[in-house]
């Protein structure tokens with residue numbers, strides 16, 4: 001958000017079919033770091049910024065602000081506030097820290113991952129999820145694969161939350 005200044009708008013011109021209703025742009029900005037002139041704050045589309053109580057940042061009208069969490073955005077609290085506004089379907093696109101919070105908080109009903117036709121590795125390579133290492137599989141977030149589709153030279157895999165492995169299962173002991 002800070003480095004690339006995305007508009008977070010739907011590029012209807014690139015999609016087959018008629019233009020649909022523009023979705024809300026929802027940004028997680030716990031400490032008020034979004035630049036004042038960021039495109040996401042331009043008022044061209046409905047926008048909500050989720051921030052923490054520690055942030056004193058104000059945003060230009062008509063951008064709405066919801067407060068969730070003391071020093072960091074509590075995503076569970078933020079998602080409940082969005083649901084209270086009637087926003088029950090969210091598309092979360094973010095970095096490894098935001099995605100880890102959604103996955104580890106089990107705040108998703110579908111997880112779609114695009115696997116690009118490139119190999120990236122090394123100790124500084126970006127991770128899909130950030131945060132502490134999982135000490136054992138019992139602490140992992142299980143997912144079930146429900147579909148795979150080819151997209152160009154890559155593919156898209158879709159998962160749903162799975163049941164936690166039972167302590168007696170061989171998978172939990174690995």
Efficiency of FRET between residue 65 and residue 129 - r from beta-carbon atoms, R0 25 angstrom, step 0.05: 0.35
Let me check against my output: what whole-number percent is the relative contact order of the chain, with C-alpha pairs under 8 Å and at least 6 apart? 14
A correct fewest-to-most ranking of 59, 159, 115 by other Cβ atoms within 10 Å would be 115, 159, 59
In Å, what Rg and Dmax follow from the Cα atoms of the range 1-91? 13.7, 43
According to the square roots a ≥ b ≥ c of the eigenvalues of the Cα gyration tensor, what is the shape class of the range 57-174, taking rounded for a/c under 1.5, prolate for a/b larger than b/c otherwise, and oblate for the remainder? prolate
With 0.36 nm assigned to each residue of separation and the Cα-Cα distance removed, residue 106 to residue 148 gains 13.0 nm
Distance between the C-alpha centers of the range 1-49 and the range 91-105? Whole Å please. 17
Label points 7 Å out from Cα along the Cβ direction at residue 80 and residue 120: separation in nm? 3.5
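Read the figures in this text as sums done on the coordinates, not as results from a lab. These numbers were taken from a predicted model, which means no experiment stands behind them. Positions of Cβ are generated from backbone atoms using ideal geometry, with glycine treated the same way; all protein chains shown enter the neighbour counts.
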